[in-house]
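See below for the structure under consideration.
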Ligand code: BTN
C-alpha cells in the first residue's frame, strides 16, 4: 500500500481564490480522465472553477484523438506523472493562441531549458516532457474551458508513446508531482486571466523565445514543408516555403531534422 500523497491544495487555493471566486481544488485517487470528468460536469451544468487532480488516470486523452498514457507508479509518496485539469468559465474576445499561452505559462513555472513544440507540446532536449489538451463546453452564453496537463515527473520508458519521453527530474532533481503542481497552478490561472483580457499578443514574444521549431525544416500533415519561423500575434505557426510564408493554424506539424548535404545520400 502506498503512503498518502501530500498535495498542496490549501496553498494553491490561497494563491488562486482571491482572483477566481468560487475556486476549489479537488484530488481524486483514480479517474478515467480529468478532462473527461470536467467536460461531463460542464455538460451537466456544473461550471464552477476547479483544479482537478487525478493520482491515476485510466483513460487519459491526448490531442488529435490520441491516448495519453501516464505512469501510475508511485515512488517515495509521489506519482511518476502529474495529471490534472483546470476548468473555468472563460470569455476572451479571441480564443486563438490559448493553448500556446498555457504552454508558455507551464514553461515559465518549471525550467529555462524547456521548449515548446508548436502548438503546445513541452519539450526537453527534443523529447516530450508534457502535453496539454484544451477542450471547451458551451452552456447557454457561458463557455467553460477545460485545460488538461500531463507531465512526466520521473524516468519512464518509451513503450506505448508516440514520441520519446523526457521527465522533469532530469532538470529538477528530486522534484515531485505535488511540488510541480504548486509551481504551475497559480501562475497558470493568472496567465489564463491575462489571456482573457489581452489575448495572445503579450505571449507571442515569450513563445518565440522558447520555440523548439524555430529555424528547423518542418513537414506539415498536408505534405507542405518549409522552415519554421515562430508564431504570429494569433499563435499561427509561420513556415517559409517555396511558395512564400504559410500560416499554419491547425494541422499537426512534424519535424524533419536538417542534415548537411554531404550526408544526404549515405
Ligand atoms: C497531448 O500531448 O496530446 C495532450 C496530453 C494531455 C494529457 C492531460 S493529462 C490530464 C488531462 N486529462 C486527460 O485525459 N488529458 C489531459
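The values are calculated or read from the model by the stated rules, or taken from the named source; none is laboratory data. This structure is a prediction, so every number in the text was calculated from the model and none was measured. Counting neighbours? That spans all protein chains shown, and the Cβs are built from the backbone with ideal geometry, glycine included.
Might you let me know whether the range 22-33 holds any residue that is assigned to a strand (DSSP E or B), modelled with pLDDT of 95 or more and more than 16 Å from the ligand (Cβ to nearest atom)? Checked against the condition, which is being assigned to a strand (DSSP E or B), modelled with pLDDT of 95 or more and more than 16 Å from the ligand (Cβ to nearest atom), the range 22-33 yields at least one hit. The conditions of being touching a strand residue (DSSP E or B) at 6+ places or on another chain (Cβ under 9 Å), at pLDDT 95 or above and assigned to a loop (DSSP other than H, G, I, E, B) are met by residue 113.
Looking at 206, 172, 182, 188, can you tell me which residue is outside any helix (DSSP H, G or I) and in contact with a helix residue (DSSP H, G or I) (Cβ under 9 Å, 6 or more places away or on another chain)? Residue meeting the stated conditions: 172. For the range 43-64, check the following and say yes or no: at least one residue is under 30 Å from residue 208 (Cβ atoms), assigned to a helix (DSSP H, G or I) and at pLDDT below 95. Looking for residues that are under 30 Å from residue 208 (Cβ atoms), assigned to a helix (DSSP H, G or I) and at pLDDT below 95, one finds at least one in the range 43-64, hence yes.
The set of residues in the range 34-49 that are crowded, with 17+ Cβ neighbours inside 10 Å and within 13 Å of the ligand (Cβ to nearest atom) comprises 34, 35, 36, 37, 38, 39. Residues in the range 65-98 that are assigned to a strand (DSSP E or B) and at pLDDT 90 or above: 81, 82, 83, 84, 85, 86, 87, 88, 89. In the range 116-144, the qualifying residues are those that are assigned to a loop (DSSP other than H, G, I, E, B), out of contact with any helix residue (DSSP H, G or I) (no Cβ under 6 Å at 6 or more places or on another chain) and touching a residue at least 40 places away in the same chain (Cβ under 8 Å), and the one that is farthest from the ligand (Cβ to nearest atom) is 125.
I need every pair where a residue in the range 17-42 that is free of Cβ contacts under 8 Å to residues at least 24 places away in the same chain has its Cβ under 7 Å from the Cβ of a residue that is more than 8 Å from the ligand (Cβ to nearest atom) and not in a helix (DSSP H, G or I), sequence separation at least 6 or different chains. Listed by first residue and then by second, the contacts come to 17/23.
Across the range 10-21, the number of residues qualifying as more than 15 Å from residue 87 (Cα to Cα) and either in a loop (DSSP other than H, G, I, E, B) or out of contact with any helix residue (DSSP H, G or I) (no Cβ under 7 Å at 6 or more places or on another chain) (or both) comes to 3.
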